[in-house]
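A.B. asks: First, the structure itself, so that you have it in front of you.
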């Protein structure tokens, strides 16, 4: 007899679904076997149907009745623990790829597969992973499929098909799929691994991050206390990594800087932190401040510069060496970058020359084009008009 085995899910012949069948044993004079081996994903009721072929000629072994011995064992294997998006395996992004092995064998489909790299299929037995990012680092996700597994990789912002960020299926069985996600907004993300047409297999996966910045500075600002004349500096960080301390420097011309204060950093932090320092040294002129940060390993980074002009500051334009060869060093009260017009008038009231310069705190302005020795009036047209008496030797 030529036996024929079929395995169905369910026990109702009208609704049972064929899962697997086998007719590999040939017809012969001594007894033959038909074997079914199938790994079921879930516990439940199953039916086994044993039949024989009946084809002419009449003396064919297909038409021979025989005693049949049927034996079976059924052990259903549970799906992987990360079978659904609700129970993903959490991965902490590392500086280097630390592969974690996984499998989609006995997994089920969360929702239909997406079209990735121009390919799609009819089923996606998937498993899920998750990771969290603070929104300041680049993230790369990698899946290395086994020789018989053609992995598809999808990145999601939530547990639904509509939240798909991107997906990829650029290789075949045994290939490596990689998503360079870049800097993602802070939050938890999910990625899904499967193969089209319900095919399953094993793989390795990892999530890699780049080295974080020492600190993520949100702002650095300054303000004036008009009653005391003190200058207040405030700065806020979104995160800190290996941060030993901050350094505050002060300058009157944005060229020569003086270290005036160190403020301890938080070391490592993923929460927003605020810092304040008040400069109580009496200063009666516009001032520059800049902020830098130093790691525990001695490396440092310098951030933006703050310019403070307080109402209590002396607003008289200052000219060093009022009598010189025509190269006048001026202190401007205008904000850096402001265009200022300068005119030089002789004792008779005639304009000898004119310049337009950019205010930078302290600036040397040359007026030495064949100026005759004598007294002159230097007029500065800025937010106010002011005149200073100078002389050329």
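The values are calculated or read from the model by the stated rules, or taken from the named source; none is laboratory data. Note that the structure is predicted; figures quoted are calculated from it, not measured. All Cβ positions, glycine included, derive from the backbone under ideal geometry; neighbour counts span all protein chains shown.
A.B. asks: How many residues does region 207-239 contain that are under 30 Å from residue 155 (Cα atoms) and loosely packed, with under 15 Cβ neighbours inside 10 Å? Break it down into steps so the answer makes sense when it comes.
C.D. replies: First, pick out the residues of region 207-239 that are under 30 Å from residue 155 (Cα atoms): 207-218, 237-239.
Of the ones still in play, those that are also loosely packed, with under 15 Cβ neighbours inside 10 Å are 210-211, 218.
Result for region 207-239: 3.
A.B. asks: Return the residue satisfying two criteria in turn: it lies in region 183-198 and is closer than 19 Å to residue 216 by Cβ and surrounded by fewer than 17 Cβ atoms within 10 Å (Cβ to Cβ), and of such residues it is nearest to the chain's Cα centre (by Cα).
C.D. replies: In this case the residue turns out to be 183.
A.B. asks: Among the residues of region 362-383, write down those that are at pLDDT 75 or above and assigned to a loop (DSSP other than H, G, I, E, B).
C.D. replies: Once the filter is applied, which keeps residues that are at pLDDT 75 or above and assigned to a loop (DSSP other than H, G, I, E, B), region 362-383 yields 371, 372, 373.
A.B. asks: Give region 229-272 a look and list any residue that's at pLDDT below 90, under 20 Å from the mean Cα position of the chain (by Cα) and part of a loop (DSSP other than H, G, I, E, B), or say none. Write out each step before concluding.
C.D. replies: Of the residues in region 229-272, the ones at pLDDT below 90 are 229-231, 238-242, 251-256, 268-271.
Next, from what is left, pick out any that are under 20 Å from the mean Cα position of the chain (by Cα): 238-242, 268-271.
Correct list: 270, 271.
A.B. asks: Also: Please indicate, with yes or no, whether at least one residue in region 124-141 is at pLDDT below 95, assigned to a strand (DSSP E or B) and either farther than 17 Å from residue 91 by Cα or not assigned by TED's automatic domain parsing to the domain that holds residue 99 (or both).
C.D. replies: yes
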